[in-house]
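Please read the structure below before turning to the comments.
The values are calculated or read from the model by the stated rules, or taken from the named source; none is laboratory data. Given the structure is predicted, the values throughout are model-derived calculations rather than measurements. Cβ sites come from the backbone with ideal geometry, for glycine too, and all protein chains shown count toward neighbours. All accessible areas refer to the heavy atoms of the entire protein, side chains included, with ligands and DNA or RNA removed. Shrake-Rupley method; radii C 1.70, N 1.55, O 1.52, S 1.80 Å.
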Amino acid sequence: MIKVKDIAFAMEEIAPLTYAEDFDNVGLLVGDYNDEVTGVLVTLDTTPEVVEEAIEKNCNLIVSFHPIIFSGLKKLNGKSYVEKAVMTAIKHGINIYATHTALDNSKVGVNFKISEQLKLIDTKILIPKTQTLKQLITYVPTENADSLKNALYEAGAGRIGNYDSCGFSQEGRGNFRPIEGAKPFIGEIGKLEAVNETRIEVVIPQHLEDDIIKALFKNHPYEEVAYSVVSLNNQNNYVGIGMIGDLENEMSEIDFFNYLKTQMNTPFIRHSKLLNKKIKKVAVLGGSGAFGIKNAISAGADIYITADLKYHDFFTAENKLVLADIGHFESEQFTKNLITSYLKEKFTNFVVFNSGINTNPVNYC
């Protein structure tokens, strides 16, 4: 029996909610984590039409990229499309889960999918997050050091990129004196004790901190565990928004635009001045990405592909790269394929549907 919380947990393995932007509204927006799942409908946007589609397909969970509830709802009387969607979902027992910027900031999320569509190689995150890594320091009797380290690694500590079980150990002497009421693992009440101890240092990702601290307390032999958690300002090159990579073969600007239209299924491209240079290094950022222009320039991109650029944003290219606005929906449209494929691999005992409704509110003529 698969519950909504199981789907949420699976989604948060690739898109931890702790990495969503502060302004965002992610997670289970409508429903109950303990509901049993009858089917999942994946969509970019939760519109009233999508909710009706979920009802028709007997899906009581909608996994949406964009959150249907973004700002506060003061009334629920069906006067807006948001209220209609939420009211219908509640009436028919449909849960709505949104991932949005949590998936934007995932190494295997929105911008990974764009990079995959464009067949980019040697990709890396364009704007890595900071303050998402911490350092755990603790002290343990030397004979217990290996078992404790292994427990911490099992909980997710010490993972750095393509490496795991990363840590540092240093042996020394620790001292303490148990006082009345203590139940010491080593030593006697009222007697100063000196013990051969090992200092253990491991890096921990922010989203796994609670699990790792639980593992520390569960596997440490001392009654009182001495430890500290220090926030690091290091860039986390595995969490962040946007992506940059290379084309296998460079193209002219016009050839690349034609390729971009085909691969991203977009009819029009708004762009800055062409520079008559070859396109090799490509930066991408799905959705509204004007804030990433300087990052793309600093990273040496020949072109920056994003959406929702305003008139004055195009000036900021400053003849250093080409800006390409392919449309908000168009830049994110393959995200639901990513989510659907992932959930189908994780869960085989119910159907995961890709919504057949085009929720793009922008039309072209």
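Which trypsin sites (Lys or Arg not before Pro) in region 39-102 pass both tests, a DSSP loop state and at most 13 other beta-carbon atoms within 10 Å?
When the trypsin sites (Lys or Arg not before Pro) of region 39-102 are filtered for loop state and at most 13 Cβ neighbours within 10 Å, Lys74, Lys75, Lys79 remain.
How big is the gap, in Å, between the Cα center of region 14-31 and the Cα center of region 53-128?
Using only Cα atoms to place each centre, the spacing works out to 10 Å.
Please state the equivalent ellipsoid semi-axes for region 232-324: what are the square roots of 5 times the Cα gyration tensor eigenvalues, largest first, in whole Å?
Over the Cα atoms of region 232-324, the ellipsoid semi-axes are 21, 15, 14 Å.
Return the label of the correct value of Kirkwood radius over Cα pairs in Å, as calculated from the structure shown, out of (i) 23.3; (ii) 21.7; (iii) 20.8.
Matching entry in (i) 23.3; (ii) 21.7; (iii) 20.8: (i).
Which order do you get for Phe353, Phe347 if you rank them by accessible area with a 1.4 Å probe, largest at the top?
Descending accessible area places them as Phe353, Phe347.
Is the C-alpha gyration tensor of region 112-227 telling us rounded, prolate or oblate? Criteria: a/c under 1.5 is rounded; beyond that, a/b larger than b/c is prolate, otherwise oblate.
Judged from the Cα gyration tensor, region 112-227 comes out prolate (a/c at least 1.5, a/b above b/c).
To test your reading of the geometry: what angle, between 0 and 90 degrees and rounded to tens, separates the Cα axis of helix 335-346 from the longest principal axis of the chain?
The angle comes out near 50 degrees.
What is the helix-to-structure angle for 145-154, meaning the angle in degrees between its Cα long axis and the longest Cα principal axis of the chain, kept from 0 to 90 and rounded to the nearest 10?
Its long axis makes an angle of about 20 degrees.
Show which aspartates and glutamates lie in cross-link reach of Lys57 when reach means a straight Cα distance below 14 angstrom and same-chain residues fewer than eight apart are skipped.
Glu49
Any chance you could look up the accessible area of His271 with a 1.4 Å probe, heavy atoms only, rounded to 10 Å²?
Only protein atoms counted, so the area is about 80 Å².
Just to be sure I understand: with springs between alpha-carbon atoms less than 10 Å apart, which residue in Val229, Val26, Val42 has the highest mean-square fluctuation in the Gaussian network model of the chain?
Maximum among the listed residues: Val229.
Please give the peptides 147-158, 117-128 ranked by average Cβ packing (other Cβ atoms within 10 Å per residue), highest first, as a rough proxy for protection.
In decreasing order of mean packing, 147-158, 117-128 become 147-158, 117-128.
Please tell me which of these pairs span more than 22 angstrom C-alpha to C-alpha: Lys79/Lys336; Lys218/Lys346; Lys113/Lys261; Lys149/Lys183; Lys113/Lys281?
Lys79/Lys336; Lys218/Lys346; Lys149/Lys183
Of the beta bridges DSSP finds with both residues in the chain, what % are antiparallel, to the nearest 5?
Of those bridges, close to 70 percent are antiparallel.
So which chymotrypsin sites (Phe, Trp or Tyr not before Pro) in region 8-84 end up in coil per DSSP with only 14 or fewer other C-beta atoms within 10 Å?
Those satisfying the criteria are Phe23, Phe70.
What is the Cα centroid distance between region 208-245 and region 250-303, reported in whole angstrom?
That distance is 37 Å.
Leaving out ligands and nucleic acids, and using a 1.4 Å probe, what accessible area per residue does the chain come to in Å²?
Counting only protein heavy atoms, the per-residue value for the chain is 52 Å².
Whenever you get a sec, compute what percent of the accessible area on region 228-365 sits on carbon and sulfur atoms (1.4 Å probe).
Carbon with sulfur: 51 percent of the solvent-accessible area.
Taking region 307-365, which GluC sites (Glu not before Pro) meet the DSSP loop condition and have no more than 16 other C-beta atoms within 10 Å?
Passing both the DSSP loop test and the Cβ count: Glu318.
Taking only Cα atoms, what is the 0 to 90° angle, nearest 10, from helix 209-219's long axis to the longest principal axis of the chain?
That helix lies at roughly 20 degrees to the long axis.
Tell me the mean residue ellipticity at 222 nm calculated for the chain from its helices only (DSSP H runs of n ≥ 4, each -39500 (n - 2.57), averaged over every residue, nearest 500).
For the chain, the value works out to -7500 deg cm²/dmol.
Considering only DSSP beta bridges where both residues belong to region 12-150, give the percentage that are antiparallel (nearest 5).
Restricted to region 12-150, the bridges split so that about 25 percent are antiparallel.
Which residue fluctuates the most in the chain, going by a Gaussian network model with Cα springs under 10 Å, if the choices are Ile269, Ile186, Ile241?
Among Ile269, Ile186, Ile241, the largest mean-square fluctuation in the Gaussian network model of the chain belongs to Ile186.
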